[in-house]
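The values are calculated or read from the model by the stated rules, or taken from the named source; none is laboratory data. Note that the structure is predicted; figures quoted are calculated from it, not measured. Neighbour counts run over all protein chains shown; Cβ positions are idealised from the backbone, glycine included.
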Amino acid sequence: MTPLSRSSLRLVASLALSLAASGALHACASNEATGLSPDGAQDSGLGAPTRQSCVRTADCDARNEVCGRPGTAFAGQCVPPSGRCDPEAPIEGQCYPDARCDVSLREPDGRGSCSFQSPARAVFPVEARIALEAPRSDTELLASSGFSFQWQPLRGVAGAVTVVMASRQPPTFDPVSGRITNASAVVWAWSTAEPGNTAGDNRAVDGTVPVRFGRRGISRDGTFGAPWGRDTMDPGQYWWFVYAISQGEVVATSVAQGFVVAGAPSRPVSCTQSSQCVGPGDLPELFECYQSQCRRRCASDLDCRAAGTRCRFDDTVVSTAGVRRGAFCGTVVNPMPGDGGVSTDAPR
């Protein structure tokens, strides 16, 4: 590596360690004009269920419900959400409070799916967003799989440097110092300042980079590590994210998106507390101990794809259960490799 390239990499990685943290992702939002119910049903006529009135979602006693937003068929009433979301609208009344709006696979009308699968905030507190394409939150790669990271490159900022990182943990920051507090968990890094991007048959450019072009994490002084040198990654759970810098400042950022190499870890069935359901590398947002069983939480069907079932919004979760607001996949988590589960709800 030339001195100039090493200097560029040091600058890029140092910014990752020194820029400020938390920013709230523009989250999920408004429902269809026909209402919030996932099956489209509306309350009318004799025999219709009595719905709890509300001003905000916190007013709803059932932990699988949200408060209907103004302008919808169930405005001011507690109902299960639809699981679909508008990324430009507030999360209140559409997704569960700690979910985000995943737009990696948009619906035909431009909406996304509510999801607990990644941190609900953007990696850096800037307005411009970078959309991640692959690998996705429900991607499970074989240990022998060669793959590329793919995203929508930033447009309209001349000379911006794009940085891509993969970590064993979701990135966290100290809001006072602005540093990444778990930088040691970053195992793979690459940037458009990296030399040799166009070498080989499979090119690395802004928008796609094969794993082999990366480097082995970042050192304490902010420089990238040794060349990765292979097409695969070790088995385990990862989170990857992308950001762009221009004139020494971050100008755009993505969320951190999870993916799994070589299958999901095995997990217990029975439990007495939720921490027993969370394996190494798991996001705590995804699992809950409910009625003495480890359950996969969901904000839409997207969160249940790895289990092969659907999100059961129609299963009432009572407030006295002491669990976080959300629904559960129709699968009890099973201790078999691959997290196949024991289905209590055949996919529809």
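Checked against the criteria, C101 counts as outside the structural domain of G326 (by TED's automatic domain parsing), crowded, with 16+ Cβ neighbours inside 10 Å and not in a loop (DSSP other than H, G, I, E, B).
Taken together, the residues in region 99-136 that are in contact with a Gly (Cβ under 8 Å, 6 or more places away or on another chain) and at pLDDT 85 or above amount to 5.
For region 74-84, the condition of being charged (D, E, K, R), touching a strand residue (DSSP E or B) at 6+ places or on another chain (Cβ under 8 Å) and at pLDDT 90 or above holds for at least one residue.
When residues in region 109-166 are screened for being acidic (D, E), more than 21 Å from L286 (Cβ to Cβ) and assigned by TED's automatic domain parsing to the domain that holds V187, 2 of them pass. Looking at region 218-242, which of its residues are farther than 17 Å from F259 by Cβ and of a type in the set (G, A, S)? Scanning region 218-242 gives S219, G222, G225, A226, G229.
Per the listing S118, S113, the residue uniquely surrounded by 19 or more Cβ atoms within 10 Å (Cβ to Cβ), closer than 22 Å to A244 by Cβ and not aliphatic (A, V, I, L, M) is S118.
If I go through region 150-207 residue by residue, how many of them are of a type in the set (S, T, N, Q), in a loop (DSSP other than H, G, I, E, B) and either within 22 Å of R121 (Cβ to Cβ) or at pLDDT below 90 (or both)? Count: 9.
Residues of region 233-268 being assigned to a loop (DSSP other than H, G, I, E, B) and either acidic (D, E) or within 22 Å of the chain's Cα centre (by Cα) (or both), which ones? Residues satisfying the conditions are M233, D234, P235, S254, V255, A256, A262, G263, A264, P265, S266, R267. Residues in region 303-321 that are outside any loop (DSSP other than H, G, I, E, B), touching a Gly at 6+ places or on another chain (Cβ under 8 Å) and modelled with pLDDT of 85 or more: C304, C311, R312.
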